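Here is the structure we will look at.
The values are calculated or read from the model by the stated rules, or taken from the named source; none is laboratory data. The structure displayed is predicted, hence computed values, not measured ones. Neighbour counts are summed over all protein chains in view; Cβ atoms, including those assigned to glycine, are modelled from backbone coordinates with ideal geometry. Note: areas computed on protein heavy atoms with side chains; ligands, DNA, RNA excluded. Shrake-Rupley method; radii C 1.70, N 1.55, O 1.52, S 1.80 Å.
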Amino acid sequence: MHDPAALRSIHLKRFQTAPSIFAAPGRVNLIGEHTDYAEGFVMPAAIDFATLAAISPRSDGKVVLYSENFSQEQSYDVSALPLRREGQWTDYPMGVMAILAGEGHRIPAMSLSLWGDVPVASGLSSSAALEVATALAATSLLGVQMPGPVLARLCQRAENEFVGANCGIMDQFISANGARDHALLLDCRDLSYKLAPIPHSIALVIANTMVKHSVAGGEYTTRRAEVEEACAVIARHRPEVRFLRDATVSDLHQWGGEMSSNALKRARHVITENLRTVAAADALMSNNLAQLGRLMAEAHRSYSQDFEASCVEADAMVALAQDLPGLIGARLTGGGFGGCTVNLVEAAHAAEFAEALGARYSAEIGIVPEVHICHASAGAHQVE
Ligand code: GLA
């Protein structure tokens, strides 16, 4: 669908009031995985899948949410909004309301209709899109203009403190601040960023392994704990190292022996991934696509072997892409353990590439994947 007019008429029919409509995209990460919470670098792009939020005021003191995807309505009294998660889709919008309220905003009575086409549990940040769309809609009703980075931090807090997923800032940041036809190199330490143009001659082919991925799941949390364990060992010797962002490969040579072997491998991934991500942004900005492809291949190897965040299906999807015409680079994207691969492909070959990759994967794994040809799209904005 991705059709604001359809959501407008759904909202009108249900709530008899014309809404304002906002969109927030999902994302694909080109490179820089599990580096955001280590205050490192990431380079995602917003994609053309999004959540739409239609909002209008009410006069009965209620916050009424409607999800077109779930065909479900849920109503709350503004004086009794939930303070903790309820284990359902409403946690994402209500998490945003809770953080806004905690910041001193009076949540107004409202009708909020939500619809999205970001594939769920696929590593494409459907939850960030839902949070950012909600936050943009709610702040507009409040008459508050928040800069994109501030909006992103608010949504990350909703996910961390309300939903209970210990994610970094990448997904919410790119959803709020993405730019059409650009990837975004983000320094997760100070949230400064640079846009790197993705030429029209390159398509983002996103191949879904159909293996479900979840950030709230145990593996993400275990990896994060191992990264922090490695950092603590280095910090014993070099107290200025507060996050792995500050550490070097030579720190690992010196003190890696004091870490568990898992922590050492995880740290090696994060430290080298930060270097690769900055180099990949340079390669993209100077149109050195061969170098970008090599860095993506190394990043996948490191994610799979050192970070052990891949799976048989994702490794197969990456391997099966290698000799297809038009491929520039391929790797598993997002939190890991399933989800999607991102393939940078010469646009002229994209359709043929997508079809061949899907056929190869079905034949080898026995699962029919969804393969999407996407383009880097705009960050969150008002649609109408
Ligand atoms: C998930 C998290 C992000 C980031 C990635 C891994 O998408 O939400 O914060 O940590 O995993 O790079």
> Ser260 to Glu240: FRET efficiency via 1/(1 + (r/R0)^6), r the Cβ-Cβ distance, R0 30 Å, to the nearest 0.05?
Replying inline: 0.85
>> I'd like the accessible area for Asp315, computed on protein heavy atoms only with a 1.4 Å probe and all protein chains in place. Round to 10 Å², please.
In response: 50
>> I need the shape label for segment 296-384. Rule: rounded when a/c is under 1.5, else prolate if a/b > b/c, else oblate, with a, b, c from the alpha carbon gyration tensor.
In response: oblate
> Quick one: if you stick a label point 7 Å off each Cα along the C-beta vector at Val312 and Phe70, how many nm between them?
Replying inline: 3.3
> From the residues Val118, Ser59, Ala138, which one has its Cα farthest along the dipole of segment 4-198 in the positive direction, the dipole being from +1 and -1 charges on Cβ of Lys/Arg and Asp/Glu about the Cα centre?
Replying inline: Ser59
>> Can you give me the % of accessible surface on the chain that is carbon or sulfur? Probe 1.4 Å, all protein chains present, nothing else counted.
In response: 51
> To the nearest 0.05, what FRET efficiency results for Ile10 and Thr248 with a Förster distance of 45 Å applied to their C-beta separation?
Replying inline: 0.25
> Using 7 Å Cα-to-Cβ label points, what is the His381/Asn288 separation (nm, one decimal)?
Replying inline: 3.2
> Taking θ as phi - 60°, what are the ³J(HN,Hα) couplings along segment 295-312 by the Karplus curve (6.51, -1.76, 1.60), each to the nearest whole Hz, with x for Gly and Pro?
Replying inline: 5, 5, 5, 4, 4, 5, 4, 5, 5, 7, 8, 8, 8, 6, 10, 9, 8, 3
>> Probe radius 1.4 Å, ligands and nucleic acids left out: which of Lys212, Lys194, Lys13, Lys265 has the largest accessible area, and how do the rest follow?
In response: Lys13, Lys212, Lys194, Lys265
> Given H placed on each backbone N at 1.01 Å, which residues far from Phe49 in sequence or on other chains put an amide H within less than 5 Å of it?
Replying inline: Gly26
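Tell me, what is the percent relative contact order of the chain, built from C-alpha pairs under 8 Å that lie six or more residues apart?
On the way: 853 pairs, mean separation 91.0, N = 384.
The normalised contact order for the chain reaches 24 percent.
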> Semi-axes of the equivalent ellipsoid of the chain: what are they in whole Å, largest first, if each equals the square root of 5 times a C-alpha gyration tensor eigenvalue?
Replying inline: 35, 26, 18
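Rounded, prolate or oblate, given the Cα gyration tensor of segment 1-122, with a/c below 1.5 counting as rounded? List each step's numbers first, then the result.
Working: a/c = 2.28, a/b = 1.39, b/c = 1.65.
Since a/c reaches 1.5 but b/c is at least a/b, the shape of segment 1-122 is classed as oblate.
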> For the chain, with every protein chain kept in place, what is the accessible area per residue (1.4 Å probe, Å²)?
Replying inline: 39
>> So for segment 194-296, averaging the separation of alpha carbon pairs under 8 Å that are six or more residues apart and normalising by length, what relative contact order in percent results?
In response: 26
